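Right, one structure below, let's go through it.
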Amino acid sequence: MSEAVLNPAVVEPTPIPLGEWLPWAVFGGLLALIALYFVGSEQGATALFQGTYIHEFVHDGRHLLGFPCH
Amino acid sequence: MVGQLLLRGMIAGVVAGLLTFCFARIAGEPQVDQAIAFEESNAHAHHHHDGEADEPEQVSRQTQAGVGLLTGVVTYGAAFGGLFALTFALIYGRSSKLPARPLAAWMALAGFVALTIVPNLKYPANPPAVGDPDTIGLRTALFFGMIAISLVAMLVSLRARKAMAQTLGLWNASIAAGVLFIALIAIAQALLPDINEVPAAFPAVLLWKFRVAALGMQAIMWTTLGLLFGLMADHKMRELRAPALAH
């Protein structure tokens, strides 16, 4: 309160309209989930690509980030 | 606006990933190496020929511990940074009236508790040589299930805090919400099955060190993400407000 009086630049945060948020949330959310899937689970519990190269490449990160690896 | 926040979140996540990688190299890799050495000596002692141990390496240990680890951790950081920014954009000014920096800091703390600490209490990180390949499907489902339950419990508790604040006051409502969160997690973790696939001869100290390193990585990741994104989002929000004030 006193900060708002002393500094007129401090105003209550205004929300971002949901209509503006939603398309970005779908885009960013999908991107993030795909990325996390390849780091955490591809060629582990399930596989989109054959072989074990992705699994072996991110192997140490997968273990240390806490994902079930193999 | 949301796009710019998303980009900032991903940049903060990449920086968080780089710092986490440095820590993982120092504190995590020695444990991974020792666990692999245990796995190999164990496989040779038992004359297994069906396992992976005797197969030629598709990716060298050097690559796994270097570029591979870097790629994994930085991608993870960028992904969480993006999700973090989107969550921030949703609740800023809506479910929370906090300014950008404290909001991001509280979000990081909540994320660290709900997405790292709680799932790790039930299903902690495991080094190589721990885990039966036949149960990978079940373990993966339980791991993500525990994260989902924890996230829902966190959201329910925060909702309850807000509802109780009107009658109990903010301080007491926060304590009650904390108790509710712990109760929900205790029930879920008591009902979910235990997974214990640590070989009997696996060194306890090595397991402990590995898990502490894994936890330390997450602490660095979330702290950097919360503080750095908070700073960047704060700048962005001030920039937006400046032209409005000029009128």
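Data for the structure
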item: Residue check for B:V156: among the β-branched types (V, I, T) and either within 12 Å of the chain's Cα centre (by Cα) or part of a helix (DSSP H, G or I) (or both); result: yes
item: Residue under evaluation B:I195, criteria (1) surrounded by fewer than 18 Cβ atoms within 10 Å (Cβ to Cβ); (2) touching a residue at least 24 places away in the same chain (Cβ under 8 Å), criterion not met; result: (1)
item: Considering residues of the range A:25-47 that are aliphatic (A, V, I, L, M) and within 19 Å of B:D134 (Cα to Cα) only, the residue nearest to the other protein chains (Cβ to nearest Cβ); result: A:A45
item: B:A125, sole failed condition from (1) small (G, A, S); (2) at the interface with chain A (Cβ under 7 Å from one of its Cβ atoms); (3) touching a residue at least 40 places away in the same chain (Cβ under 8 Å); (4) touching an Asp or Glu at 6+ places or on another chain (Cβ under 8 Å); result: (4)
item: Qualifying residue in the range B:47-62 (condition: in a helix (DSSP H, G or I), buried (at least 18 other Cβ atoms within 10 Å of the Cβ) and modelled with pLDDT under 95); result: no
item: Any hit, the range B:24-36, residues being modelled with pLDDT of 95 or more, basic (K, R) and more than 23 Å from B:G216 (Cβ to Cβ); result: no
item: Candidates B:G178, B:G169, filtered to the one that is farther than 18 Å from B:A114 by Cβ and not assigned by TED's automatic domain parsing to the domain that holds B:A12; result: B:G169
item: All positions within the range B:133-159 that are more than 9 Å from chain A (Cβ to nearest Cβ) and under 16 Å from B:P199 (Cα atoms); result: B:D134
item: Cross-chain or 6+ apart pairs with Cβ under 6 Å, the range B:8-20 first and in a helix (DSSP H, G or I), then crowded, with 24+ Cβ neighbours inside 10 Å and β-branched (V, I, T); result: B:G17/B:V73; B:T20/B:V73
item: Unique residue being at pLDDT 95 or above and either surrounded by 19 or more Cβ atoms within 10 Å (Cβ to Cβ) or assigned to a loop (DSSP other than H, G, I, E, B) (or both) when the list is B:L86, B:L121, B:L151; result: B:L86
item: Breaking point among (1) in contact with a strand residue (DSSP E or B) (Cβ under 9 Å, 6 or more places away or on another chain); (2) part of a helix (DSSP H, G or I), for B:L98; result: (2)
item: Tally, over the range B:72-120, of residues that are in contact (Cβ under 8 Å) with a residue 24 or more places away in the chain, touching a Ser or Thr at 6+ places or on another chain (Cβ under 7 Å) and within 9 Å of chain A (Cβ to nearest Cβ); result: 3
item: Options B:M107, B:M154, B:M146; residue that is in contact with a Lys or Arg (Cβ under 8 Å, 6 or more places away or on another chain) and either within 16 Å of B:G226 (Cα to Cα) or not assigned by TED's automatic domain parsing to the domain that holds B:A233 (or both); result: B:M146
item: When residues of the range A:48-57 are limited to those that are within 7 Å of chain B (Cβ to nearest Cβ) and within 21 Å of B:D132 (Cβ to Cβ), the one surrounded by the most Cβ atoms within 10 Å (Cβ to Cβ); result: A:E56
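Residue-wise test of (1) in a helix (DSSP H, G or I); (2) within 22 Å of the chain's Cα centre (by Cα); (3) within 14 Å of chain A (Cβ to nearest Cβ).
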| residue | (1), (2), (3) |
| --- | --- |
| B:I175 | yes, no, no |
| B:I187 | yes, yes, no |
| B:A190 | yes, yes, no |
| B:A201 | no, no, no |
| B:V205 | yes, no, no |
| B:W208 | yes, yes, no |
| B:K236 | yes, no, yes |
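The values are calculated or read from the model by the stated rules, or taken from the named source; none is laboratory data. In this text, all values refer to a predicted model and were calculated from it rather than measured experimentally. Neighbour counts run over all protein chains shown; Cβ positions are idealised from the backbone, glycine included.
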